[in-house]
Amino acid sequence: MDDAFRIRLNLIVLLLLVCASFLGAIAVGVTGGEALGTAMLFLAVFAGLCLLLVEEWKSGVEDELKPADGANAEESESE
């Protein structure tokens with residue numbers, strides 16, 4: 001995976017974490033301090049799901065970028 005793609009994925013994860021913390025802050029602001037634990041739980045679950053989805057997406061992209069075994073055999077025969 002090239003560096004530009006990795007940087008974009010890291011920026012997506014960072015943006016998702018910022019959005020999750022913003023939504024948690026809104027939940028605390030609307031309900032007062034009573035919902036602080038709920039907001040923290042929401043943030044943790046949302047961040048975990050975002051990281052899981054991005055890791056799954058990264059592994060899928062890496063599988064698509066890998067050359068087929070036949071291509072590797074042809075390259076080694078030509079050398």
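Here, each number is a calculation from the coordinates, and none is a lab measurement. This structure is a prediction, so every number in the text was calculated from the model and none was measured.
For the stretch 3-60, the relative contact order works out to 38 percent when only alpha carbon pairs closer than 8 Å and six or more residues apart are counted. Relative intensity of the stretch 3-60 on a log10 scale, I(q)/I(0) at q = 0.16, 0.23, 0.29 Å⁻¹, equals -0.54, -0.83, -1.09, per a Debye sum over C-alpha point scatterers of equal strength in the absence of solvent. For the stretch 41-57, backbone phi angles converted through the Karplus equation (6.51, -1.76, 1.60; θ = phi - 60°) give residue-by-residue couplings of 5, 4, 4, 5, 5, 5, 5, x, 5, 5, 5, 4, 5, 5, 5, 5, 5 Hz, Gly and Pro being listed as x.
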